[in-house]
Amino acid sequence: MDVTYTNGKAIFDVVVPLTNDKFQEGESYSIEVSANTGFLDSYDNSQSFTVDYSVMTGNTTNKKVEAGTDFNELNPSDFITDLKDSAGNDVKVNKFVNIPDNKKIGKKNIGIEVTNGKSTATITVEFEIIDTVKPTATAVPQKIQKNSVFTSDASSLITNVADNGGSDSVTYSITKIPSMNKVGYFSAEVTLSDQSNNQSVIEIPVTVYDETTPIVGNSILTGNDFEITIEDLKTGVSNSNLNHLILEKSGSKAWDILTGKEIETISVVQNNLDFSKGSYTATIRAQDSNAKILEKSINITVTDGFLEFTKIENDLDFGKITLSTIEKNYNLINESIIKIEDTRGEESTNWELTAKISKKLTSQDGDLRESLYYVDDKNAKFYLNSDETTLLNQSATSTYKETTINLNKNGSSGLYLGLLAGQGKIGKYTGSIQWSLKDAP
């Protein structure tokens, strides 16, 4: 107890703890004191005093705080409400005290220092640390040889793992494994989970290569050997150019190993592909953003070569003919072309074109026998009848070859109708010719 003297009066300051239940607010109590005034040897007196103190209280706001938040950036007033003291004084918030771990989720207690202008007190309130933020990481690009075993260590596929609850709270698992039996660009996936099961999926670039795969710096070029039939080759080229077809069928691609970004500057710089059965090569070239060149050779096998008609006229028309008293020969009046393709390539043999009358020229009043004949480029004449007659012989070729036969050349080779003097009667004549292609070794 402190005693001071002012104008001959003794003033006593008695500290009464708020927790001391022996004193009640507003009640009077007596206390005996002794003092030495300096004038008397001693002074004994009994004095009375009144206890005057107040209690400061407040309630929690049940504040939710994201894990990892810096409490220096938060306002303690957001954590407490209903501030008051028992004496009716204004109560203000000062600061946080006893700050708990800010990374672990769950219910926590924190101290809020308050003041009524005369004294300070610490009020403990409850709040909750939550975690709604997904963890993050950086993918580590992988370059793996074909048919290798993909790693089972998820941590080797990522780096720079971060989470507001701390990176040590993050778990990793490989949730997608790429194919390892094919050269190309693929991806794996690593799933990250934090303490609140917030999840992130990190895509890992994976380049699978073999001993034939050109790699220059961080750029890679792939392309596969392929087979194609004559029919598909013709169809593909009719819809686009040959180089585009080669790039498409070979699946040729180039990309940056680190980013997975595709290199668009890719082309066919050489090919010896032919429209016939056989084996061929093409050279694929790519150029990356640093002007570095990558090249790869592709093997192409053309299968299923054929010897076939690609065009043949269904209607052969000699027009209207006036009966004559002398022998006359007549040309066809319509365009009449036969086209033959030999795509057998390296398996090609000699072949021949034959023709025979499968139905003779006939009208209601009769027929015209042995009146059709063919003249070849050497001016040889071949009359057509019910037996097969060879009109053309061709030698084998190891490359694609198209043969065109014009049946209407007007005065030279072609198909003719020859009528003797007085042959035939007035009327419309129709008949049929059977054309055939034959291997002739």
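Here are the numbers for this structure:
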read-out	value
Any chance GLN364 is under 24 Å from GLU341 (Cα atoms) and in contact (Cβ under 8 Å) with a residue 40 or more places away in the chain	no
Candidate set from region 178-214 (those that are exposed (fewer than 15 other Cβ atoms within 10 Å of the Cβ) and without any contact (Cβ under 8 Å) to a residue 60 or more places away in the chain); member that is farthest from ALA154 (Cα to Cα)	GLU211
Meets criteria (surrounded by 14 or more Cβ atoms within 10 Å (Cβ to Cβ) and touching a Phe, Trp or Tyr at 6+ places or on another chain (Cβ under 7 Å)) for THR354	no
Residues (part of a loop (DSSP other than H, G, I, E, B), modelled with pLDDT of 85 or more and surrounded by fewer than 13 Cβ atoms within 10 Å (Cβ to Cβ)) located in region 307-320	ASP315, ASP317, GLY319, LYS320
Residue, modelled with the highest pLDDT, within region 193-218, restricted to residues that are in contact with a Leu (Cβ under 9 Å, 6 or more places away or on another chain), part of a loop (DSSP other than H, G, I, E, B) and under 30 Å from SER167 (Cβ atoms)	ASN198
Every residue from region 381-431 that is at pLDDT below 90 and of a type in the set (D, E, K, R)	LYS401, GLU402, LYS409, LYS425
Hits in region 73-99 - residues which are of a type in the set (Gly, Ala, Ser) and surrounded by fewer than 12 Cβ atoms within 10 Å (Cβ to Cβ)	GLY88
Pair list, Cβ under 9 Å, 6 or more apart: region 325-336 residue under 16 Å from GLY414 (Cα atoms), other residue of a type in the set (Ser, Thr, Tyr) and surrounded by 13 or more Cβ atoms within 10 Å (Cβ to Cβ)	ASN329/TYR373; ASN329/TYR416; TYR330/TYR416; ASN331/TYR416; LEU332/TYR416
Residue within region 59-78 that is at pLDDT below 90 and over 13 Å from VAL125 (Cβ atoms) present	no
Some residue of region 267-274 being among the charged types (D, E, K, R), in contact with a Ser or Thr (Cβ under 6 Å, 6 or more places away or on another chain), assigned to a loop (DSSP other than H, G, I, E, B) and within 28 Å of GLU347 (Cβ to Cβ)	yes
Positions within region 262-294 being surrounded by 14 or more Cβ atoms within 10 Å (Cβ to Cβ), at pLDDT below 95, under 24 Å from TYR209 (Cβ atoms) and among the charged types (D, E, K, R), in sequence order	ASP288
When residues of region 102-127 are limited to those that are in a loop (DSSP other than H, G, I, E, B) and over 48 Å from the mean Cα position of the chain (by Cα), the one farthest from ASN198 (Cα to Cα)	LYS118
Test result for LYS277, under 30 Å from ASN350 (Cβ atoms) and either assigned by TED's automatic domain parsing to the domain that holds GLU341 or within 20 Å of the chain's Cα centre (by Cα) (or both)	no
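The values are calculated or read from the model by the stated rules, or taken from the named source; none is laboratory data. Bear in mind the structure is a predicted one, so any value in this text is a computation, not a measurement. Neighbour counts are summed over all protein chains in view; Cβ atoms, including those assigned to glycine, are modelled from backbone coordinates with ideal geometry.
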